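Notes for the one structure printed next.
The values are calculated or read from the model by the stated rules, or taken from the named source; none is laboratory data. The structure presented is a predicted model; accordingly, all values stated were derived computationally and were not measured. All Cβ positions, even for glycine, are placed from backbone atoms using ideal geometry, and neighbour counts span all protein chains on display. Just the protein is used for accessible areas: all its heavy atoms, side chains included, with ligands, DNA and RNA removed. Shrake-Rupley method; radii C 1.70, N 1.55, O 1.52, S 1.80 Å.
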Amino acid sequence: MTIADRALPRTSDNLLLSGSTDGTRVEFRSVVKDYGTNRVLHGVDLDIAPGEFVSLLGPSGCGKTTALRVLAGLERATGGAVFLGNRDVSDVPTNKRDIGMVFQSYSLFPHLRVGENTAFGLRRRGVGRAEAARRAGDALELVGLDHLADRYPHQLSGGQQQRVALARALVTEPRVLLLDEPLSALDAKVRVQLRDEIRRIQLRLGITTVFVTHDQEEALAVSDRIAVMDAGRIDQIGTPEELYLRPATPNVAAFVGLSSMVPGEASGMSVRVWGVDLPTQTAAQGPVTVFLRPENVRFATDGQPGADAVVQESTFLGSFRRTLVRTDDGTLVRVQHPAGERVEYGDAVRLALAPEPVAVRPAD
């Protein structure tokens, strides 16, 4: 399916939309980045298709922001190469790479109105005042703020200010859009709204987008593919479904989605947990730690093999509940179950497992 097939209908006469393309290919080829004797990127390889939305996901210090800054030209790679399209841009300065970038901080000029902030990059490129204003209006229309062009940044909410920053990044019609944790300063409801808006706009423009985040829910919600990073390396790259259902490493299983870690005994492509044999993602032998997803743990009916446990807490989450229990050997396990299935602190329960493949790692 192409970007055009996935995009929303283009019903506007907005010139940003009429100039939409299928994006530019982005490649990292064995990219290394050192700060003195500290290596923060260890030969990163990444191929992003034209028009694709790829998230770099991982904990603080994993190298994801450094990778983005190398792509932007804000940091120079120690080794390897970065390509935009067929061009090696490793030695090309930031202002010659034709990229747009949105940071965590809004970085708007407080003395300029919204329209002037949006048009700033165009004016710096020598675009005439009238043409820059028209194009800024198109960009603001795209993010739903064209009616606020005459306001100052301090008169806007945080979400509106970040939309202006997005419009400013898009107004120059860059080949690639880079987003560095752009939603982390916003409250939960606004984050979801703006997250979905960014994805909608990206699909309509067909612009290649690289999104840095430590929030797995954000990455799962908007990405075509996700690169999970740890200690300067990409552990796995794949679709949200692939990462969640078939994690390639224990680190991916632990970071993408919730997991409970329980002991098991592996034999080849099978592992025994609580008297039940489960298929494994990878072959293993001997004592292992098993990663169980909450939705694959359930309360057992009479006679089912499983583990005895005691309820520690139960949280109502709308359409379902998530309950934390402690098994007889002291292991904490999360259970996701229907909201109408009520349990209370101290209740004795028995746990059963769905026969879904699990990730394992050698026991500590």
Where nothing but the Cβ of Lys and Arg (+1) and of Asp and Glu (-1) is charged, how large is the charge dipole of the range 33-72 around its Cα centre, in debye to the nearest 20? 220
Return the percentage of antiparallel bridges among DSSP beta bridges fully within the chain, rounded to the nearest 5 %. 75
Averaged per residue, the 1.4 Å probe accessible area of the chain, protein heavy atoms only, in Å², is roughly 47
If you take the charge dipole of the chain about its Cα centre, with +1 on Lys and Arg Cβ and -1 on Asp and Glu Cβ, which of Ser314, Phe83, Ala221 is farthest toward its positive end? Phe83
Computed, not fitted: 222 nm per-residue ellipticity of the chain from DSSP H runs ≥ 4 (each -39500 (n - 2.57)), nearest 500, equal to -7000 deg cm²/dmol
Projecting each Cα onto the charge dipole of the chain (Lys/Arg +1, Asp/Glu -1 at the beta carbon, about the Cα centre), which of Leu324, Val92, Val44 comes out farthest on the positive side? Val92
Crossing angle, helix 188-205 versus the chain [Cα axis fit, 0-90 degrees, rounded to tens]: 60
Whichever aspartates and glutamates have a C-alpha closer than 20 Å to that of Lys33, once near sequence neighbours (fewer than 8 apart) are set aside: Asp45, Asp47, Glu75, Asp88, Asp91, Asp180, Asp230, Asp235
How much of the accessible area of the range 63-217, probe 1.4 Å, is carbon plus sulfur, in whole percent? 47
